[in-house]
Amino acid sequence: MTLLAVEDLTVDLPAADRAVRLVDGATFRLRAGESLGVVGESGSGKTMTALALMGLQPPLARVGGSIRFEGRELVGLDEDAMRRIRGDRIAMIFQEPMTALNPLVRVGAQVAEPLVLHRGMSRRAAGAEAARLLAHVRLADPERAARAYPFELSGGERQRAMIAMAIGCSPRLVIADEPTTALDVTVQARILALLDGLRAESGMALILVSHDLAVVAGHCDRVAVMYGGLILESGPTDVVLRRSRNPYTRALLEARPEPGAPRGARLKTIPGSPPHHRDVGPGCPFAGRCALTLDVCRSARPPAIAFAAGHVSRCFRAAELEDAA
Amino acid sequence: MSAAPLLDVADVHKAYRLPRPRPFAAHGFKPALSGVSFAVIAGRSFGVVGESGSGKSTLARIALALDRPDAGAVRLEGRSLFDLGRRDLRAQRAHMQMIFQDPFGSLDPRMRVERIIAEPLAAQGGVSRAERRARVAAQLQAVGLRPGDAQNYPHEFSGGQRQRIAIARALITRPKLVIADEPVSALDVSVQAQALNLMTDLMRDAGVTFLLISHDLAVVAHICETTAVMFRGKIVEAGPTAALFASPAHPYTRELVDATPRLDRAPKAAAPLSAPPAPASGRGCPYAPRCPQARPRCGEDAPALTEAGEGRRVACWFPLG
Amino acid sequence: MALFLLQRLAVLAATLVVASLVVFAVMEILPGDAAETMLGPTATPEAVAALSHKLGLDLPLSVRYARWIAGLARGDLGVSAAYGSAIAPLIGASLLVSLPLAAMAMALAAAIALAAGVYAADRRGRAGDAAVMGLTQIGLAVPNFWLAILMVIVFAVTLRLVPAGGFPGWGDPARAVAALILPAIALGVAQAAILTRVTRSALLEALNEDYMRTARAKGLSRRAALWRHALPNALVPVLTIMGLQFANLIAGAIVVENVFVLPGLGRLMLQSISNRDTLVVEDGVMLIAVLVIGLNFLVDVACAAIDPRLRQRAA
Amino acid sequence: MRVLLRGNFSLWLGAVLTGALLLMAAVSLVWTPYPPAAIDIPHKLAPPSLAHWFGADALGRDVASQILAGSRVSILVGVVAVGIGLLFGVALGLFAAFRKGVAEDAIMKACDFVFAFPALLSAIMLTSAFGPGVVNAIVAIGVANVPIIAKLTRATANSALAREYALAARASGRGPVAIAFDHVLPNIAPALIVQATIQFAIAILAEAALSYLGLGAQPPQPSWGRMLSDAQTVLYNAPRLAIYPGAAIALSVLGLNLLGDGLRDALDPKLRARRS
């Protein structure tokens, strides 16, 4: 069953001279219990896409296209109705668990807040439930964690508390925006395993936003690779990683040093640096750095070309890129 | 080998003073480094990996003589840095430079690139204006920037370009040793490779040896011949990088390797911590509370870093086979 | 928290001792002799010496300091040279005017600042925000005593609604409060302007924090998130500035009391300066220092009660 | 400069008002309509006219001349008091930031302590010890400025020193003095300039208050604060006399505050980047 269907999503931010398009025509679907990885570098629009799904885009930004969640259109939904969905049906986990928790409020009370808000629980009942949730995310000492202030917990513990807060109302979709970027790799592995486990037991869907293709690869059924506001490629994780039909994805895969590769081997580099969203022209945002650029790449947005198994690539030369990997 | 190693870190200890727990009580101390020893051989870049709080950044500061250790010595080509006078230490600094993590914080926003890159020369003195200008221009080209960029300010460059400027600054005195603390972790993936290739080129062409500090195994493995793994202020395992990561001997190294996300295989999920970590007795192995292989002895007695053959050293009572 | 309080109390005591030393040191350099002033220019040297002895002015500095402090602790502030009466009741009566005045001004400033600060932060960059910020610039620029004079011109001279000054005493509380309203406004406007700006910027900072996004993601409305999550975080800087501004408020009260001819501490001290009545000035300055330092102690405690990290850091 | 001014209304208006203040003082040095202190009883309380633009006061002195000349005391007190504050404050603040440890704690505690004695209170103490006068006012206001500048210097210097560029300078072998001049001062200068502007405004207010109480400028030196206190004695006969000096003070302070605010926006590289 399709839980979420995003169709041609756009986010525009008015700037001094003209509107800047931060997300351009994002299209993807998510079934219940499925996980989607959204991968991109800084300025790729991945975080803005996540925020738009929550209706939390910056106040002046305009969202276009369609976001259907559980059969309901979220674009243009009034703030009150959106508020009832947030934290209840769709929850979000943020990158920096230190700053994402209110420093002045005990962790237990923060975890309890969505329960009071959406389940109409009393503060006391919600507090008891919060302690149970903290235990559920395998915090070592849930009673202590509930009484603690955020600064008294370690980074990993704080992120577990964030997750407990997110799953409190049994959401059908959890959006995790770089949930482990601020954490050590060993803690990252545990947090990602925890998310996998929660997904398996509750059937919630997960959107995992990350700058690291490898993080997403191990935990997501499908991936979407974003660059300059566009989803350049999306599809089942295996297919995208092994039979990519997009030069950007391929370049990313080759630019990454892999442990086990011979030392000092030259990495394939991508010249230049990611474009600022102000500088994205009418063509493909990757055109300036791509080795396969044609004239048309600079003048027109590449169309989304569909291949087997829901594999989609936005590239004029996608068809030429056979299974070369 | 008779010649002194390029950098010799010998039994370095460092603890930071904590605020007093009560008024008038004694200060507590948080050990950052306890008994760290290793040697960097010229021409063989050395990597240090570890998680946050493992003491790796403290190590970088002490290796550069920016901070004094409580005990132990740091020798650059046999000269003990902390026994040198100010003037001699300043002269030594020409031979060792540093690259920082944050390409936005490490360049003074109010200086032109030329002055930034020439700063190590200014500290040494005795370089004419014309020569300085020429060397800055040459250095800019060496890191793939244009000589004309010298007159611009840092904010006019992208993150990757800024890191190149930082590298140019570190190389202007033609140092033998460059200490790089997380040099690429703030860079976008598509830019990281450029910086790593540049570092590889510098090792080969300019004879630079790196002491590379990073949390990312892949980055360390790419650059460094030898690697030390740190945990809570101690080296728990050291040896040739490839062997270290292919067959870890210390359970912590194994945990790190398993936890590192890879494209070519699914992650091995670490056992979630179900029980609270046992409080460390303070005497035992620092990793024991987290170690899946821990046995009673591990909580009693801390293992020392001992030779394990093939140039490897490991601090574990029950190393993995 | 108990530990924190204990520690802060120790700091408070030490600060007060230093303050008393500073006040004593500055005032004792004073040329001129209290005994001479009291007896007038016609007094014989013998009479002056006798009075000096009686007042203890011929004792060594350390003994006089010890006596002064011991007296302060007992509530015995010594004898006024000009009035010939005990200082404690003089100052006590003046505080009955000055403290309510300061409290009213502070309350007024806090109420305005909270309302205007939240309003402006909520409408950042829009016309309402610009209007509030413009008004605070004017509030900061207008000297309190000029505002006081302008109000006298409007309400007393032109409209003849209130007397131009004076204080009827607390026998009639309604009239007493009425007499303090204009002075409190004159005194409170600048404080309100400062605190409004602090409230606005502290709130804007809090609104930009990640935890506000978390609060919205939980399903809180913008307004609920502002009141429940942003405001408590903004309160610490606001309270801190309020504490720091208290000294300026008291200083302003000295000036404003003068405009409205209120028999407060400020007027008492100014009169004592012209009377060369050192001891009254010394006691008055010390008392103000005690008030300021004491209030800042309370602010510290209040901030620590709000922010657990401050309790931790102090320990 | 054009770039700095564009779209920055505060800076623009602040610069105009402050420029007017400086111009007034400069003009009054060479010319005033009448000698500011010249008493002319026949014209006492004369209404504004072509001869006396703002009228004359209770002693027949020309108000316009006094306003012009009064700006000199305001500027004198402001410049010297802010100078004292900058001189000692920057030195103390830098010392604290570079020395850390006990020295830093002691200096900061002392600064907190001085906050308990605002300029007016210090002036009252000084006056009762040494008698009233402009010098006392300047010293009192200057001393009150020191801790404000010192705390700002320390805080901004610490954040500059914590940046990696300061660490990089140390790593390349530069000494503390070189780092202070090359890295710290240029990066904290904008904050100091802004604060100095605002302290200038506060000094003008404080001088006016002191002179109003009779603790500052003494006759015959013209001062806006004293003009207000003179005006108060004839409030029922000539309320307008209270308008001009107060407006002069308020406009000067407004100008300096706006200038400070405008400079803050103009000098903040983050804001500037956003605007361009």
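Go through (1) more than 29 Å from C:LEU310 (Cβ to Cβ); (2) of a type in the set (S, T, N, Q); (3) surrounded by fewer than 20 Cβ atoms within 10 Å (Cβ to Cβ) and name the single condition A:THR99 misses.
Here A:THR99 meets the rest and fails (1).
Can you find a residue that is open to solvent by 50 Å² or more (accessible area, probe 1.4 Å), free of Cβ contacts under 8 Å to residues at least 40 places away in the same chain and within 14 Å of D:ALA231 (Cβ to Cβ) anywhere in region D:37-44?
Yes: one or more hits.
Rundown of residues vs (1) in contact with a Phe, Trp or Tyr (Cβ under 7 Å, 6 or more places away or on another chain); (2) within 27 Å of A:ALA200 (Cβ to Cβ), yes/no style:
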| position | (1), (2) |
| --- | --- |
| A:VAL39 | no, yes |
| A:SER42 | no, no |
| A:ASP78 | no, no |
| A:ALA81 | no, no |
| A:THR99 | yes, no |
| A:VAL105 | no, no |
| A:ALA109 | no, no |
| A:PRO114 | no, yes |
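Do the conditions hold for C:ILE254, that is, is it within 17 Å of the chain's Cα centre (by Cα) and either away from chain A (no Cβ under 14 Å) or farther than 30 Å from A:PRO58 by Cβ (or both)?
So C:ILE254 passes the test.
Just wondering, is there one or more residues in region B:28-41 that are touching a residue at least 12 places away in the same chain (Cβ under 8 Å), under 20 Å from B:ILE179 (Cα atoms), open to solvent by 10 Å² or more (accessible area, probe 1.4 Å) and assigned to a loop (DSSP other than H, G, I, E, B)?
Among the residues of region B:28-41, at least one is touching a residue at least 12 places away in the same chain (Cβ under 8 Å), under 20 Å from B:ILE179 (Cα atoms), open to solvent by 10 Å² or more (accessible area, probe 1.4 Å) and assigned to a loop (DSSP other than H, G, I, E, B), which makes the answer yes.
Within region C:215-229, track down each residue that is over 16 Å from C:LEU204 (Cβ atoms) and open to solvent by 50 Å² or more (accessible area, probe 1.4 Å).
Listed by number, the list holds a single entry, C:ARG228.
Within region B:169-182, track down each residue that is in contact with a strand residue (DSSP E or B) (Cβ under 9 Å, 6 or more places away or on another chain) and part of a loop (DSSP other than H, G, I, E, B).
Selection gives B:ILE172, B:THR173, B:PRO175, B:LYS176, B:GLU182.
Taking the options C:ALA186, C:ALA174, name whichever one is surrounded by fewer than 22 Cβ atoms within 10 Å (Cβ to Cβ) and over 25 Å from D:LYS151 (Cα atoms).
C:ALA174
Could you please let me know if B:ALA206 is farther than 23 Å from B:GLY35 by Cα and either charged (D, E, K, R) or open to solvent by 20 Å² or more (accessible area, probe 1.4 Å) (or both)?
yes
Of all residues in region A:198-211, how many are assigned to a helix (DSSP H, G or I) and open to solvent by 30 Å² or more (accessible area, probe 1.4 Å)?
Residues flagged as assigned to a helix (DSSP H, G or I) and open to solvent by 30 Å² or more (accessible area, probe 1.4 Å) within region A:198-211 amount to 4.
Any residue in region A:283-307 that is without any contact (Cβ under 8 Å) to a residue 12 or more places away in the chain sitting within a Cβ distance under 6 Å of a residue that is open to solvent by 30 Å² or more (accessible area, probe 1.4 Å) and part of a loop (DSSP other than H, G, I, E, B)? List the pairs, counting only those 6 or more apart or interchain.
A:ALA287/A:THR293
Take the conditions closer than 26 Å to D:ARG174 by Cα, open to solvent by less than 10 Å² (accessible area, probe 1.4 Å) and free of Cβ contacts under 8 Å to residues at least 24 places away in the same chain and apply them to B:LEU64. Does it pass?
The answer is no for B:LEU64.
Criterion first (part of a helix (DSSP H, G or I) and more than 10 Å from every other protein chain (Cβ to nearest Cβ)) does C:ALA105 satisfy it?
Spelling it out, C:ALA105 is indeed part of a helix (DSSP H, G or I) and more than 10 Å from every other protein chain (Cβ to nearest Cβ).
If a residue must be more than 27 Å from the chain's Cα centre (by Cα) and open to solvent by 40 Å² or more (accessible area, probe 1.4 Å), how many such residues does region A:108-131 contain?
Number of matching residues: 8.
Among the residues of region C:145-198, write down those that are touching a residue at least 12 places away in the same chain (Cβ under 8 Å), within 18 Å of D:TYR212 (Cβ to Cβ) and aromatic (Phe, Trp, Tyr).
Across region C:145-198, the qualifying residue is only C:PHE145.
Give the residues of region D:77-105 that are within 16 Å of D:ALA140 (Cα to Cα) and crowded, with 18+ Cβ neighbours inside 10 Å, sorted by residue number.
Across region D:77-105, the qualifying residues are D:VAL77, D:GLY78, D:VAL80, D:ALA81, D:VAL82, D:ILE84, D:GLY85, D:LEU86, D:GLY89.
Quick test for you: out of C:VAL236, C:VAL261, C:VAL177, pick the one residue that is among the hydrophobic types (A, V, I, L, M, F, W, C), in a loop (DSSP other than H, G, I, E, B) and more than 18 Å from the chain's Cα centre (by Cα).
One residue alone meets the criteria, C:VAL261.
Scan region A:18-33 for residues that are surrounded by fewer than 17 Cβ atoms within 10 Å (Cβ to Cβ) and within 14 Å of A:HIS277 (Cα to Cα) and report the count.
So the count comes out to 2.
Of the numbered conditions (1) open to solvent by less than 50 Å² (accessible area, probe 1.4 Å); (2) more than 23 Å from the chain's Cα centre (by Cα); (3) among the small types (Gly, Ala, Ser), D:SER49 satisfies every one except a single condition; which is it?
The single condition D:SER49 does not satisfy is (1).
Would you pick out the residues in region D:216-234 that are of a type outside the set (S, T, N, Q) and open to solvent by less than 10 Å² (accessible area, probe 1.4 Å)?
Listed by number, the residues that qualify are D:GLY216, D:ALA217, D:TRP224, D:GLY225, D:LEU228, D:ALA231.
Could you tell me which of the residues A:ALA193, A:ALA189, A:ALA214 is under 15 Å from A:THR249 (Cα atoms) and either open to solvent by 10 Å² or more (accessible area, probe 1.4 Å) or part of a helix (DSSP H, G or I) (or both)?
A:ALA214
Which condition number does C:ARG309 fail, the rest of (1) in contact with a Pro (Cβ under 8 Å, 6 or more places away or on another chain); (2) open to solvent by less than 40 Å² (accessible area, probe 1.4 Å) being met?
(2)
Give me the helices (runs of 4 or more DSSP H) completely within region B:72-168, filtered to those with at least 2 residues that are more than 13 Å from chain D (Cβ to nearest Cβ) and at pLDDT 90 or above, ordered by residue number.
The qualifying helices (runs of 4 or more DSSP H) are B:129-142.
How many residues does region D:235-257 contain that are more than 9 Å from chain C (Cβ to nearest Cβ), open to solvent by less than 20 Å² (accessible area, probe 1.4 Å) and more than 22 Å from D:ALA20 (Cβ to Cβ)?
Looking only at that region, the number is 1.
List the pairs whose first member sits in region C:37-55 and is modelled with pLDDT of 70 or more, whose second member is open to solvent by 60 Å² or more (accessible area, probe 1.4 Å) and outside any helix (DSSP H, G or I), and whose Cβ atoms are under 8 Å apart, counting only residues at least 6 apart or on separate chains?
Every condition considered, the pairs that remain are C:ALA49/C:ASP58; C:SER52/C:ASP58.
Can you pull out the residues in region A:76-107 that are under 26 Å from the mean Cα position of the chain (by Cα), free of Cβ contacts under 8 Å to residues at least 60 places away in the same chain and more than 7 Å from chain C (Cβ to nearest Cβ)?
Within region A:76-107, A:GLY76, A:LEU77, A:ASP78, A:GLU79, A:ASP80, A:ALA81, A:MET82, A:ILE85, A:VAL107 qualify.
Could you list, in sequence order, all residues of region A:225-271 that are assigned to a loop (DSSP other than H, G, I, E, B) and crowded, with 24+ Cβ neighbours inside 10 Å?
A:GLY228, A:GLY229, A:SER244, A:ARG245, A:ASN246, A:ILE270
The values are calculated or read from the model by the stated rules, or taken from the named source; none is laboratory data. Since the structure is predicted, the reported quantities are computational estimates derived from the model, not experimental observations. Every residue, glycine among them, receives a Cβ derived from its backbone with ideal geometry; neighbour counts consider all protein chains shown. Just so you know, the surface numbers come from the protein's heavy atoms only, side chains and all, with ligands and any DNA or RNA stripped out. Shrake-Rupley method; radii C 1.70, N 1.55, O 1.52, S 1.80 Å.
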